[in-house]
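The values are calculated or read from the model by the stated rules, or taken from the named source; none is laboratory data. The model shown is predicted, which means the values in this text are computed figures rather than measured ones. Note: ideal-geometry Cβ built from the backbone for every residue, glycine included; neighbour counts use all protein chains shown.
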Amino acid sequence: MLRHPAFGLAEIAWRWSFGATCWLALTFSAREYLRTLPVTHSDLLLLRTRQPTLISEAIAHIFRGSGFRLLEALIVLTSGLAVGWIVLGSFARAATLRALLNYFQEGENSRKVPAKLRVHSIVGLNFFRVALTLAATVGCASAFLLESAVSTPANPAPGSAFLLFLSVLMLVWLVWSIMNWFLSLAAVLVVADGQNTFGAIASAVALCRRRSGSVLAAGTWFGLAHITAFVLATSVVAFPLGLAGLLPAGMVLGAVLGVTLLYFAVTDFLYMGRLAAYVAILELPEAPIIETRAPVLPSNTHDLRQAGSSVDRDELILSDLPARA
């Protein structure tokens, strides 16, 4: 990460370009949606009164009947961005992983990267990641439905409802994070071994079973580094927010935006570092295990005498040569 920052910069380049595209698409979609809303003269009159009740009535009248149109726009926008992320993420991940594998395979006896790059296998993995994210979103929505079903106006139980909501959210997040991690690890095996989508997933499970200690150590250390970066970023952001009443709004917003972008850059570098750790686990040989056995000592005095008689007393030992020692 420090000696070759080009890997992290490449990750930042494609991720941030897609992020900027998402923000632009959301901005233009919101603008076009607002342009379709009819605003009458009576609505303008109510908005200019500066009375909260009249303003809320005007806003409700403006947005009445446009919910289905908003839902259609969100479905089209989400589908387009998902397809764009699958395509862009597949080509970008294939390029970055191929560069990492070439970096770790500079030796003469190391196996070479397959000449044919299976980008369509990474497309399949990214498709599963998008489907998994959609399923996690549905699971989070179901948590709200379960909460409303447990705590009803007739039998209110806010504590039980909140506990159930939090439990479902934690379960959904745990399943999503584990499956997403396996799919991201499988992309390494697609580029390294030229496998298909399902073969790469099976190989990722086999790698975790074969090198479980190394994989767990890499994930744990980089996870702790990510948590540390998040804690530091939130602590730094608290300073400009605490001085929001004294500093100009533009300065506070710029400081928060700068810290946020720096945090995202650090997380991208950490993600590439974790991928490099998995590539190193896959490519570098395992350290040999040397077994050492303690010498068997004689059990009685007779054996001690026989051992002493078998020793050549004229043989030089290390204590006889202090200079060499």
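Okay, residues lined up against (1) closer than 20 Å to Tyr271 by Cα; (2) touching a Ser or Thr at 6+ places or on another chain (Cβ under 9 Å); (3) at pLDDT below 90; (4) not charged (D, E, K, R):
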{"site": "Leu117", "(1), (2), (3), (4)": "no, no, yes, yes"}
{"site": "Pro158", "(1), (2), (3), (4)": "no, yes, yes, yes"}
{"site": "Ala161", "(1), (2), (3), (4)": "no, yes, yes, yes"}
{"site": "Leu166", "(1), (2), (3), (4)": "no, no, yes, yes"}
{"site": "Leu224", "(1), (2), (3), (4)": "yes, no, no, yes"}
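Would you be able to say whether some residue in segment 285-307 is small (Gly, Ala, Ser), in a helix (DSSP H, G or I), over 30 Å from Val191 (Cα atoms) and at pLDDT below 90?
yes
Taking segment 18-41 on its own, how many of its residues are part of a helix (DSSP H, G or I), among the hydroxyl-bearing types (Ser, Thr, Tyr) and in contact (Cβ under 8 Å) with a residue 12 or more places away in the chain?
3
So, of the residues in segment 208-241 that are in a helix (DSSP H, G or I) and of a type in the set (D, E, K, R), which turns out to be surrounded by the most Cβ atoms within 10 Å (Cβ to Cβ)?
Looking at residues that are in a helix (DSSP H, G or I) and of a type in the set (D, E, K, R), I get Arg210.
Residue by residue through segment 242-261, note down the ones that are within 30 Å of Ala10 (Cβ to Cβ) and either in the same structural domain as Glu11 (by TED's automatic domain parsing) or surrounded by 14 or more Cβ atoms within 10 Å (Cβ to Cβ) (or both).
Ala255, Val256, Val259
Quick check on segment 69-76. Is at least one of its residues loosely packed, with under 14 Cβ neighbours inside 10 Å and of a type in the set (Asp, Glu)?
Scanning segment 69-76, I find at least one residue that is loosely packed, with under 14 Cβ neighbours inside 10 Å and of a type in the set (Asp, Glu), so the answer is yes.
Taking the condition modelled with pLDDT of 90 or more and within 20 Å of Phe182 (Cα to Cα), does Leu232 pass?
No; evaluated as a whole, the condition is false for this residue.
Among the residues of segment 143-159, which ones are in a helix (DSSP H, G or I), among the small types (Gly, Ala, Ser) and surrounded by 13 or more Cβ atoms within 10 Å (Cβ to Cβ)?
Listed by number, the list holds a single entry, Ala143.
Is it the case that segment 86-105 has a residue that's in a helix (DSSP H, G or I), touching a Gly at 6+ places or on another chain (Cβ under 8 Å), on the phi < 0 side of the Ramachandran plot and modelled with pLDDT of 85 or more?
The answer is no, given that none of the residues of segment 86-105 is in a helix (DSSP H, G or I), touching a Gly at 6+ places or on another chain (Cβ under 8 Å), on the phi < 0 side of the Ramachandran plot and modelled with pLDDT of 85 or more.
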